[in-house]
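The structure appears right after this line, and notes come after that.
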Amino acid sequence: MRIMLDTNVIISAFVLSSQPLTKMIDVISENHTIVLSTYVIAELKRVVREKFPDKYSLVENFLQRLDFELVYTPEVIDKSKFPEIRDKKDLPILVSAIIENVDILISGDKDFIAVNVERPEILTSKSFVDKYC
């Protein structure tokens, strides 16, 4: 399966050192394809630089070590063609997952979980582990 990770999952795993999430990402990378969008990578770097500047080297190290498929997030999005999401800052991530036809989007953000789409399957990290690990 192709599995996209949201920024909050990566931050929790590698910046905040959540062992369950780190293990989940290891399992995904061994058995599936991790997909990261250009938007998620930019957001990850920005958030860590602003909120956890002493951890920024972890992000660079993570991105260098992780085997992932990079997908482009469009800068111009026709909102009428995609499902509504409460937090408009999350729309680029949702759009990336939809247009790149990923199987699963993993996020801890409740706004994603509330979106009604057939594909991708949107799961929290816990629900992913419960269902697939």
Inset, instruction - For every other residue with a beta carbon closer than 15 angstrom to the beta carbon of I104, add +1 if it is Lys or Arg and -1 if Asp or Glu, then tell me the sum. - result: -4
Legend entry - Flagged links, alpha-carbon separation over 31 Å, of K55/K88; K23/K81; K55/K81; K55/K79: K23/K81; K55/K81; K55/K79
Legend entry - Charge context of I34, other residues only, Cβ under 15 angstrom, K/R +1, D/E -1: -4
Inset, instruction - Find how much the distance from S127 to D87 grows on full extension, using 0.36 nm per residue of separation minus their present alpha carbon separation; answer in nm with one decimal. - result: 12.2 nm
Legend entry - Two-decimal ratio, the chain, of alpha-carbon radius of gyration to 2.2 N^0.38 Å: 0.99
Legend entry - Pairwise label distance in nanometres, S29 with F52, each label 7 Å out on the Cα-Cβ vector: 1.5 nm
Legend entry - Separation in nanometres of the label points that stand 7 Å from Cα toward Cβ, at A42 and R65: 2.7 nm
Legend entry - Given charges at beta-carbon only (K, R positive; D, E negative), |dipole| of the chain in Debye: 300 debye
Legend entry - Linear extension gain, R2 paired with S18, 0.36 nm per residue minus alpha-carbon span: 3.5 nm
Legend entry - Order of D26, D6, D111 under a 10 Å beta carbon neighbour criterion, fewest first: D26, D111, D6
Inset, instruction - Give a residue-ordered list of calculated ³J(HN,Hα) values for the stretch 21-36 (Karplus: 6.51 cos²θ - 1.76 cosθ + 1.60, θ = phi - 60°; whole Hz; x for Gly, Pro). - result: 6, 4, 5, 4, 5, 4, 4, 4, 5, 7, 10, 9, 10, 7, 10, 10
Inset, instruction - Scan around S18 for amide H atoms under 5 Å from its own, H built in the peptide plane at 1.01 Å from N, and keep only partners 5 or more places away or cross-chain. - result: A13
Legend entry - Positive-end residue, the chain charge dipole about Cα centroid, Cβ charges, pick of L123, P53, Q64: P53
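Here, each number is a calculation from the coordinates, and none is a lab measurement. Just so it is clear, the structure is predicted and the values come from calculations on it, not from any experiment. Neighbour counts run over all protein chains shown; Cβ positions are idealised from the backbone, glycine included.
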